[in-house]
């Protein structure tokens, strides 16, 4: 049997008609003849359908693209919430497991009830810590505003606060200003700020 020559073996790869070069996709931008090598979604509701652009036109398209165009604030917020869960349904933490355990299991030895009780205690501790953090933040904000009202800045002690309060009262009180009541609102604000700081610093 005669062996095939190297030329015969490689001839199919050299045949341009058998292996024609694929047609180049042109840019979808009107009057552009460049290669459309970069894809861009056609619309918000057709994210899997694409335009194909050259590099310059895909950059221009991306700069002008606004996913939320035509949506009001409520629709935008709803869309963002759906994105935060990868557009999958969600349930309150622990709710599915709780219903499943009640529906499918008999807990003759009380194992699951103990576990549920521990979960409930953990939840209560978490809520208490959350509420305490909120109160601490609110208290810190009130103290910060009170210090600003009295033209003070931390760090400061109660003696300095009391001295500043006395100075402001002497300056703002109508009796000191010849009966002028125009500064009464400022005096009330200083009194309120002093009460807030006294509760915080005089402990």
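Note on region 32-71 and region 155-203: Cα centroid distance 62 Å, given to the nearest whole angstrom. Label-to-label distance for residue 185 and residue 55 is 6.2 nm, based on points extended 7 Å past Cα in the beta-carbon direction.
Spin-label pair residue 42-residue 170: with each label point 7 Å from Cα along the Cα-Cβ axis, the two points sit 8.0 nm from one another. Annotation for residue 160 and residue 24: the two label points, set 7 Å from Cα along the Cα-Cβ direction, are 7.3 nm apart. For region 113-201, relative contact order (Cα pairs under 8 Å, six or more residues apart, normalised by length) works out to 33 percent.
Read the figures in this text as sums done on the coordinates, not as results from a lab. Just so it is clear, the structure is predicted and the values come from calculations on it, not from any experiment. Ideal geometry is used to build each Cβ from the backbone, glycine not excepted, and the neighbour counts take in all protein chains shown.
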